[in-house]
Amino acid sequence: MSNEFKITVFADIRESMDVKDHLRELGCEVVEKTLAPADYVVAEDYAVERKELHDFFRSVFDGRLFEQADRLAKTYGKACLIVEGDFTNAVKYVRTPQVFWGALSKVMADHNISVVFTPNEAHTAMFLYALAKKLQEEERRKIAVKHKPKTYTLRQRQLLAVQSLPRIGPERAEELLRRFGSVRRVFQASKRELLSVKGLGEKTVQAIVEVLDTKYSGLEQQ
């Protein structure tokens, strides 16, 4: 009987077939499951979320990124976010690059999630395999998938929505909701009204106004 240790990666059934095929070509056993949360599980307590560049930008502005990061951090001990695509070229044409970097820093600082950039699906697979190999060969045991249902209360969802704004953490989100009464009203608040909220300075308010008022046009072309 062979004692060869087989590297295994759990992959969400909705994830890219190209990534899964590349993993198999590398000699990895790919087990397809419905994962909630995470797109991949590479070790006993290590999950990976993969986002194509365009989806990453969309998820920043609609708040999904921070909700997903929160659920990932609460379910797994360690997690990683892969941002896949031509990042170097794309970020040049983002109207508000500080929002991009702010979102990444928020994910890393608030949720202790690592961020990795890959140019395409083949390199994503290579990174996943290398990470899984490193972690599984150290532990030499089968990995397990964890599931955490979407059990956010309405209040939690309101707080997460407001926390998607630049420089807004849990305490400031609570203050904004108490001051204006609803998520919609927070998003509709004028610059003058925002400045009247305790703890919000000129730079923070300007960053919020820029996100809320700047016309969205995707990646600008020269």
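Readers should treat all values here as calculations from the given coordinates under stated rules, not as data from a laboratory. Treat the numbers as computed from the prediction; the structure is a model and nothing was measured.
State the Cα centre-to-centre distance between the range 24-77 and the range 179-214 in whole Å.
Here the two parts' Cα centres lie 31 Å apart.
Pick from Tyr93, Tyr76, Tyr129 the residue whose mean-square fluctuation is largest in a GNM of the chain, springs joining Cα atoms under 10 Å.
Its mean-square fluctuation being the largest, the pick is Tyr93.
Among the DSSP beta bridges whose two residues both lie in the chain, what percent are antiparallel, rounded to the nearest 5?
Taking every DSSP beta bridge within the chain, about 25 percent pair in antiparallel fashion.
Note the listed values (i) 23; (ii) 33; (iii) 30, then indicate which one is percent of Cα pairs over 31 Å apart calculated from this particular structure.
Label (iii) holds the value from this structure.
Short version: what are the Cα gyration tensor semi-axes of the range 154-213, square root of 5 times each eigenvalue, largest first, in whole Å?
Semi-axes from the Cα gyration tensor: 16, 11, 11 Å.
For a quick check, take a GNM of the chain with Cα springs below 10 Å and name the residue from Leu72, Leu131, Leu165 with the largest mean-square fluctuation.
Leu131
Relative to 2.2 N^0.38 Å, what does the C-alpha radius of gyration of the range 25-95 come to as a ratio? Two decimals please.
Normalised Rg, Cα atoms only: 1.25.
Rounded to whole Å and sorted largest first, list the principal axis extents of the Cα atoms in the range 8-139.
42, 30, 25 Å, listed from the longest principal axis down.
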